[in-house]
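*Asks:* I'd like to ask some things about the structure below.
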Amino acid sequence: MEANSLNRAWAGFRGNRDELAACVGELPASPGVYVFRGEGGEVLYVGKAINLRNRVRSYFGSNLSAKTEALMSRVEGLEIIVVDSESEAFILESNLIKKHRPRYNILLRDDKQYPYLRIDLNQEWPTVSVVRRMSKDGARYFGPFTRPGSVRETLAFLRRIFPYRTCSDKSLAQATRPCLNYHIGRCLGPCTGQVTREEYMETINEVVKFLEGRHKDVRDRLEKRMQELAAKLDFENAARVRDRIRALDDVTERQKVVLTDMKHRDVLGLARSGKYAFVALLPVREGKLMGREGFVLTGSELDDDGEVLRAFILQYYPNAPFVPKEIVIPSDLPDAEEISGYIGAKVRVPKRGVFKQLVEMACDNARAMMDTSIPRYKREADENLQAMEELAQALGLPGLPMRIEGYDISNISGKEAVASMVVLYNGKADKSSYRRFRIKTGDTPNDVAMMQEVLWRRFRRGLDDRAKLQKPGSTLTRKSKFAVFPDLVIVDGGKGQVNAAKQVLDELGLDIPVAALAEKNEELFLPGVKDPVILPRDSGALFLVMRLRDEAHRFALAYHRKLRQKKALDTVLSEIPGLGPVRIKQLLKVFGSVDAIRKASLQDLQQIEGIGPKLAQTIYEYFHQPH
């Protein structure tokens, strides 16, 4: 578990349900977080408590809910983390849920990364880019955009109103004359010095204000700019600013005015069906409704509405790029005041009036999401369940293969050999569990030996992690997730690979079913069995294992190509005298490729930070003189 500034005290307990119940009296009556673990140290549930002893004791009582009973039937370990205050418990609970995604917590689905808009204000000439993940890099992020097309619409609005650059960093560095966008007034021309950084940053700051919903501030500034240009008789540029004001008005007129106090709020709506909960988020900025974003949570079938909303708020807002001063929700939270203090926004439930109407509108949007999503989710779940049942029957497995691990090797004549491990959980890709390996078994092209090396390293590490988790205070980090073992292993290949894989598992004393999928005829081979298992061509089980095999192949190949490309780049550039790894990285960041560096002029090379005139001359001569 990652270290931070919280003052924590740890305690760990192992054993069956009765043994753990006997330890509850030893727990402190202090605020903290408790973690229930299952087989192999898997994190099953994370919760926070004002009084750890009383809260944990409730799990060992009678009349438990069906969800709690199912949880406790799998518990094999308990850890508690004592902190100084309830607010610190909130922080730790939120971090642990996000990190481990326990199966018995209500979880905000992240099976796809929603897009964000990113603006790096520390860049010399910032631009707006689309990214799939936020990073702590000092840049401003806006989003997430969960509705299809909303990112494209927003970018189109921005391009109509603000003349910021849209070219890549590479094009910016190599430009020798302004592009077409400059000549039609869509860019200020920073590439060739047509604008100062101060003037350019005024435009970028207006983009930021627009994305924050501060449209009135942006319009006032554009209006002032237009008047200044008109006073200087610069009517051409004044007309361009006028057109931007009209475009801004066109955008803002489409937004519904719902409140007159000009404050920023989020309005949440909730709809539920089975284990799924749908949250619609209506952002209200400066009193105007800006759109709608939608989110899905799972594992909520036995929790009330307040618990579902609490889970969403604690998982979404701590990492949201913008948190308004007020969040309006349809149901009371069990600890609304503490949550408000934690996320820095007042959380309230309206009883009447316009806010009540807004919540009802948000709930209508959530129900619309549910009506379109549930049939698709149900169809996917039914298909995956049927596929796992067919596979279990065909391979003679003792139970459903809920977790399947697939392995593949990628190399060229043994060079830069790598392996991939991909995971399907409940028939769906669990990308957070994917792993990749660099092969250490020589440079000879021996796929069987390479597969044995990978399996040995994976399961030997898993056994070591399981042993470590038996120690009090131990935790299951991302690097130690090998402690969770699969219900089925599938390797790429035929009889040789499956028998080799079985040999490794036997030597480690592991009774895990293993099979090999041969690509030529899509046949499954089992260890010690002469004839392959032939799955029907139209069976869901065949599509399931093929999807696993293809994903393992894709993941391994991508890693192999990355290593080859890196080696090729390092080989060429590292031959240049005086050019070390730091400057190589800087050159590639600016120019993008070795070919672009080769074509760069001496003046272009001299402008790169850290590349002086002498080194620039060396680089230029290396590429332009015969060797």
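The values are calculated or read from the model by the stated rules, or taken from the named source; none is laboratory data. In this text, all values refer to a predicted model and were calculated from it rather than measured experimentally. Here the Cβ positions follow ideal geometry from the backbone for every residue, glycine too, while neighbour counts run over all protein chains shown.
*Asks:* Out of everything in region 233-265 that is at pLDDT 80 or above and not in a helix (DSSP H, G or I), what residue ends up being surrounded by the fewest Cβ atoms within 10 Å (Cβ to Cβ)?
*Replies:* Ranking the candidates gives Leu233 first.
*Asks:* Additional query: Might you check whether a residue that is at pLDDT 85 or above and within 30 Å of Leu588 (Cα to Cα) occurs anywhere in region 169-185?
*Replies:* Our first condition is that a residue be at pLDDT 85 or above; within region 169-185, this holds for none.
No, region 169-185 contains no residue that is at pLDDT 85 or above and within 30 Å of Leu588 (Cα to Cα).
*Asks:* Return the residues of region 172-194 that are surrounded by 17 or more Cβ atoms within 10 Å (Cβ to Cβ), at negative phi and small (Gly, Ala, Ser); say none if nothing qualifies.
*Replies:* Scanning region 172-194 gives a single hit, Ala173.
*Asks:* Same structure again: Residue by residue through region 371-396, note down the ones that are among the aliphatic types (A, V, I, L, M), within 30 Å of Gly528 (Cα to Cα) and in contact (Cβ under 8 Å) with a residue 24 or more places away in the chain. Walk me through how you get there before you give the answer.
*Replies:* First, the residues of region 371-396 that are among the aliphatic types (A, V, I, L, M): 374, 381, 385, 387-388, 391-392, 394-395.
Next, only the ones that are within 30 Å of Gly528 (Cα to Cα) stay: 385, 387-388, 391-392, 394-395.
Leu385, Ala387, Met388, Leu391, Ala394, Leu395, listed by residue number.
*Asks:* Another question, then. Report yes if Pro486 is modelled with pLDDT of 85 or more and either among the hydrophobic types (A, V, I, L, M, F, W, C) or not assigned by TED's automatic domain parsing to the domain that holds Val43 (or both), otherwise no. Steps first, please.
*Replies:* Working: modelled with pLDDT of 85 or more: yes; either among the hydrophobic types (A, V, I, L, M, F, W, C) or not assigned by TED's automatic domain parsing to the domain that holds Val43 (or both): yes.
In short, yes.
*Asks:* Further question on the same structure: Collect the residues in region 298-310 that are closer than 19 Å to Ala66 by Cα and either not assigned by TED's automatic domain parsing to the domain that holds Asn365 or not acidic (Asp, Glu) (or both), keeping them in residue-number order. Even if it seems obvious, please write down each step before you answer.
*Replies:* The initial filter retains those residues of region 298-310 that are closer than 19 Å to Ala66 by Cα, namely 298-308.
If the condition is that a residue be closer than 19 Å to Ala66 by Cα and either not assigned by TED's automatic domain parsing to the domain that holds Asn365 or not acidic (Asp, Glu) (or both), then Thr298, Gly299, Ser300, Leu302, Gly306, Val308 are the ones that fit.
*Asks:* So, of the residues in region 108-129 that are of a type in the set (A, V, I, L, M) and either surrounded by 19 or more Cβ atoms within 10 Å (Cβ to Cβ) or under 16 Å from Ala320 (Cα atoms) (or both), which turns out to be modelled with the lowest pLDDT?
*Replies:* So the first thing to find is which residues in region 108-129 are of a type in the set (A, V, I, L, M), and the list is 108, 117, 119, 121, 128.
From what is left, the residues that are either surrounded by 19 or more Cβ atoms within 10 Å (Cβ to Cβ) or under 16 Å from Ala320 (Cα atoms) (or both) are 108, 117, 119, 128.
On the way: Leu108: 83, Leu117: 87, Ile119: 89, Val128: 88.
The residue in question is Leu108.
*Asks:* Something else: Return the residues of region 34-55 that are free of Cβ contacts under 8 Å to residues at least 60 places away in the same chain and either in contact with a Cys (Cβ under 9 Å, 6 or more places away or on another chain) or assigned to a strand (DSSP E or B) (or both); say none if nothing qualifies.
*Replies:* The answer is Tyr34, Val46, Gly47, Lys48, Ala49.
*Asks:* Taking the stated definitions as given, is Val279 assigned to a helix (DSSP H, G or I) and buried (at least 18 other Cβ atoms within 10 Å of the Cβ)? If you could, list the steps in order and put the result at the bottom.
*Replies:* Values: assigned to a helix (DSSP H, G or I): no; buried (at least 18 other Cβ atoms within 10 Å of the Cβ): yes.
It is false that Val279 is assigned to a helix (DSSP H, G or I) and buried (at least 18 other Cβ atoms within 10 Å of the Cβ).
*Asks:* Out of Asp137, Asp169, I need the residue that is more than 30 Å from Ser373 (Cα to Cα) and surrounded by 12 or more Cβ atoms within 10 Å (Cβ to Cβ). Which one?
*Replies:* Values: Asp137 fails: surrounded by 12 or more Cβ atoms within 10 Å (Cβ to Cβ).
The unique qualifying residue is Asp169.
*Asks:* Take Pro513 and decide whether it is touching a Lys or Arg at 6+ places or on another chain (Cβ under 7 Å) and modelled with pLDDT of 90 or more. Steps first, answer last, please.
*Replies:* Details: touching a Lys or Arg at 6+ places or on another chain (Cβ under 7 Å): no; modelled with pLDDT of 90 or more: yes.
Here the answer is no, as Pro513 does not meet what is asked.
*Asks:* Specify the residue that is surrounded by the most Cβ atoms within 10 Å (Cβ to Cβ); the eligible residues are those in region 579-592 that are closer than 15 Å to Ser171 by Cα and without any contact (Cβ under 8 Å) to a residue 40 or more places away in the chain.
*Replies:* Initial filter on region 579-592 (closer than 15 Å to Ser171 by Cα): 587-592.
With without any contact (Cβ under 8 Å) to a residue 40 or more places away in the chain added as a condition, the list becomes 587-588.
Working: Leu587: 24, Leu588: 16.
If we take residues in region 579-592 being closer than 15 Å to Ser171 by Cα and without any contact (Cβ under 8 Å) to a residue 40 or more places away in the chain, then Leu587 is surrounded by the most Cβ atoms within 10 Å (Cβ to Cβ).
*Asks:* Let me ask another. Of all residues in region 173-191, how many are assigned to a loop (DSSP other than H, G, I, E, B) and touching a residue at least 12 places away in the same chain (Cβ under 8 Å)? Steps first, answer last, please.
*Replies:* First pass over region 173-191, keeping only residues assigned to a loop (DSSP other than H, G, I, E, B): 175-179, 184-189.
Now drop any that are not touching a residue at least 12 places away in the same chain (Cβ under 8 Å), which leaves 175-179, 185-188.
Qualifying residue count for the region: 9.
*Asks:* Which of the residues that make up region 339-353 are surrounded by 17 or more Cβ atoms within 10 Å (Cβ to Cβ) and not in a loop (DSSP other than H, G, I, E, B)?
*Replies:* Taking region 339-353 and keeping what is surrounded by 17 or more Cβ atoms within 10 Å (Cβ to Cβ), we get 339-340, 342-343, 345, 347.
Scanning region 339-353 gives Ile339, Ser340, Tyr342, Ile343, Val347.
*Asks:* Can you name the residue in region 532-553 that is touching a residue at least 40 places away in the same chain (Cβ under 8 Å) and surrounded by fewer than 22 Cβ atoms within 10 Å (Cβ to Cβ) and, of all such residues, is nearest to the chain's Cα centre (by Cα)?
*Replies:* Looking at the filtered set, the residue picked out is Glu551.
*Asks:* For region 513-531: of the residues being under 33 Å from the mean Cα position of the chain (by Cα) and among the charged types (D, E, K, R), which is surrounded by the fewest Cβ atoms within 10 Å (Cβ to Cβ)?
*Replies:* Out of the qualifying residues, it is Glu519.
*Asks:* Does Val359 satisfy the criteria of being farther than 29 Å from Phe90 by Cα and part of a helix (DSSP H, G or I)?
*Replies:* Spelling it out, it is not the case that Val359 is farther than 29 Å from Phe90 by Cα and part of a helix (DSSP H, G or I).
*Asks:* Something else about it: Where residues in region 63-80 are β-branched (Val, Ile, Thr) and out of contact with any helix residue (DSSP H, G or I) (no Cβ under 6 Å at 6 or more places or on another chain), which of them is farthest from Leu297 (Cα to Cα)? Walk me through how you get there before you give the answer.
*Replies:* Initial filter on region 63-80 (β-branched (Val, Ile, Thr)): 68, 75, 80.
Now narrow it down to the ones that are out of contact with any helix residue (DSSP H, G or I) (no Cβ under 6 Å at 6 or more places or on another chain): 68, 75.
On the way: Thr68: 18, Val75: 23 Å.
Only one residue fits best here, namely Val75.
*Asks:* Report whether or not Arg159 is under 17 Å from Tyr200 (Cα atoms), at pLDDT 80 or above, outside any loop (DSSP other than H, G, I, E, B) and basic (Lys, Arg). Outline the logic, then answer.
*Replies:* Working: under 17 Å from Tyr200 (Cα atoms): yes; at pLDDT 80 or above: yes; outside any loop (DSSP other than H, G, I, E, B): yes; basic (Lys, Arg): yes.
Answer is yes for this residue.
*Asks:* Any residue that is more than 30 Å from Arg186 (Cβ to Cβ) and at pLDDT below 75 - is there at least one of those in region 281-296? Give the steps one after another, and end with the answer.
*Replies:* Restricting attention to region 281-296, the residues satisfying the condition of being more than 30 Å from Arg186 (Cβ to Cβ) are 281-282, 284, 287, 294-296.
Of the ones still in play, those that are also at pLDDT below 75 are none.
Looking through region 281-296, none of the residues is more than 30 Å from Arg186 (Cβ to Cβ) and at pLDDT below 75.
*Asks:* Can you find a residue in region 60-70 that is crowded, with 20+ Cβ neighbours inside 10 Å and either without any contact (Cβ under 8 Å) to a residue 24 or more places away in the chain or at negative phi (or both)?
*Replies:* If we filter region 60-70 for residues that are crowded, with 20+ Cβ neighbours inside 10 Å, which is where we start, we get none.
There is no residue in region 60-70 that is crowded, with 20+ Cβ neighbours inside 10 Å and either without any contact (Cβ under 8 Å) to a residue 24 or more places away in the chain or at negative phi (or both).
*Asks:* Could you tell me whether Leu510 is hydrophobic (A, V, I, L, M, F, W, C), surrounded by fewer than 19 Cβ atoms within 10 Å (Cβ to Cβ) and either in contact (Cβ under 8 Å) with a residue 12 or more places away in the chain or under 20 Å from Ala449 (Cβ atoms) (or both)? Let's see the steps before the verdict.
*Replies:* Details: hydrophobic (A, V, I, L, M, F, W, C): yes; surrounded by fewer than 19 Cβ atoms within 10 Å (Cβ to Cβ): yes; either in contact (Cβ under 8 Å) with a residue 12 or more places away in the chain or under 20 Å from Ala449 (Cβ atoms) (or both): yes.
Judged against the criteria, Leu510 is a match.
One line per residue, one yes/no per condition, for (1) at pLDDT 90 or above; (2) on the phi > 0 side of the Ramachandran plot; (3) surrounded by 16 or more Cβ atoms within 10 Å (Cβ to Cβ):
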| residue | (1), (2), (3) |
| --- | --- |
| Leu385 | yes, no, no |
| Gly396 | yes, yes, no |
| Gly406 | yes, no, yes |
| Ser410 | no, no, yes |
| Ser413 | no, yes, no |
| Val418 | no, no, yes |
| Lys428 | no, no, no |
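*Asks:* Can I ask one more? Going through Arg554, Arg598, Arg583, Arg564 one at a time, which residue ends up being of a type in the set (Lys, Arg) and at pLDDT below 70? Step through it out loud before you land on a result.
*Replies:* Numbers: Arg554 fails: at pLDDT below 70; Arg598 fails: at pLDDT below 70; Arg583 fails: at pLDDT below 70.
None of the other options fit; the residue is Arg564.
*Asks:* Just to be sure I understand the filter: pairs with C-beta atoms under 7 Å, separated by 6 or more residues or on different chains, first member in region 132-152 and farther than 9 Å from Leu117 by Cα, second member among the small types (Gly, Ala, Ser) and in a loop (DSSP other than H, G, I, E, B). Which pairs pass?
*Replies:* Ser150/Gly291
*Asks:* Okay, next question. Please work out which one of (1) buried (at least 19 other Cβ atoms within 10 Å of the Cβ); (2) touching a helix residue (DSSP H, G or I) at 6+ places or on another chain (Cβ under 9 Å) is the condition Leu92 fails and give its number.
*Replies:* (2)
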